[in-house]
Amino acid sequence: MQELTKAEEKIMQLLWDAEKAFVKELIEKIEGKKPSYTTVSTIIRILQTKKFVGYKAYGNTHQYFPLISREEYAKFATRSVLDRYFDGSFKKLVSFFAKKEEIDINELDDIMKMMEKEEEKKENNS
C-alpha cells in the first residue's frame, strides 16, 4: 500500500463517507473553494492506479467506490508514522505525547484499559 497525498486523502475521506459517488458529487461535498472537475477526476485516476478506488461505468460516466477501507488505511498510515518517527515503538509514541502534555493520566488509563480488553479477547480466542 502507498501513502496518500493530502489531496488524495481528502478525496478518499469523502469517498469513504459517501461509500460510492460520481466526481460531481464529490466536488459538491468539498467545503470552501471547489476544485475543478478535471482536478478531482485526475486525483481519482491516480487513486485507481494506486488501487484505492474502483468504479462502475454508466455510459460515459463512472461511479467510484473505495477498494481500501478507512480502517485499513488508518492502520497502514499509523504504522508508517510509528516506524518513521518512533522507531516502531508505541511506547515512544505515547511518551512523546505525555511529555508534550497532550495526553493526560486519565487518557493513559483509558488506553491501558482498552489494551487489556483487547489482550483478553486475544487470549479467549486462542
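The values are calculated or read from the model by the stated rules, or taken from the named source; none is laboratory data. It should be emphasised that the depicted structure is a prediction, and the values quoted were computed from it without experimental measurement. In this analysis, Cβ positions are derived from the backbone assuming ideal geometry, glycine residues included, and neighbour counts consider all displayed protein chains. The accessibility values were calculated without ligands, DNA or RNA, using every heavy atom of the protein model including side chains. Shrake-Rupley method; radii C 1.70, N 1.55, O 1.52, S 1.80 Å.
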Could you tell me whether any residue of the stretch 35-49 is touching a helix residue (DSSP H, G or I) at 6+ places or on another chain (Cβ under 6 Å), outside any helix (DSSP H, G or I) and either at pLDDT 95 or above or surrounded by 17 or more Cβ atoms within 10 Å (Cβ to Cβ) (or both)? no
Check residue 53 against each of (1) in contact (Cβ under 8 Å) with a residue 24 or more places away in the chain; (2) out of contact with any Leu (no Cβ under 6 Å at 6 or more places or on another chain); (3) open to solvent by less than 100 Å² (accessible area, probe 1.4 Å) and name the one condition it does not meet. (2)
Looking at the stretch 56-96, which of the residues that are β-branched (Val, Ile, Thr) and open to solvent by less than 70 Å² (accessible area, probe 1.4 Å) is nearest to the chain's Cα centre (by Cα)? 68
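Given the options 123, 102, 107, 116, name the one that is in a loop (DSSP other than H, G, I, E, B) and either at pLDDT below 95 or among the polar types (S, T, N, Q) (or both). Outline the logic, then answer.
Numbers: 123 fails: in a loop (DSSP other than H, G, I, E, B); 107 fails: in a loop (DSSP other than H, G, I, E, B); 116 fails: in a loop (DSSP other than H, G, I, E, B).
Just a single option satisfies the conditions, and that option is 102.
For the stretch 3-34, which residues satisfy the criterion of being loosely packed, with under 14 Cβ neighbours inside 10 Å and in contact (Cβ under 8 Å) with a residue 60 or more places away in the chain?
Going residue by residue through the stretch 3-34, those that are loosely packed, with under 14 Cβ neighbours inside 10 Å are 3, 5-6, 17, 19-20, 24, 28, 30-34.
Matches in the stretch 3-34: 3 only.
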Filtering the stretch 81-98 down to residues that are in a helix (DSSP H, G or I), under 18 Å from residue 112 (Cβ atoms) and not aliphatic (A, V, I, L, M) yields 90, 91, 92, 95, 96, 97
Going residue by residue through the stretch 54-73, is there one that turns out to be among the hydrophobic types (A, V, I, L, M, F, W, C), modelled with pLDDT of 95 or more, part of a helix (DSSP H, G or I) and in contact with a Lys or Arg (Cβ under 7 Å, 6 or more places away or on another chain)? no
Within the stretch 77-90, does at least one residue satisfy the condition of being more than 30 Å from residue 111 (Cβ to Cβ), polar (S, T, N, Q) and touching a residue at least 24 places away in the same chain (Cβ under 8 Å)? no
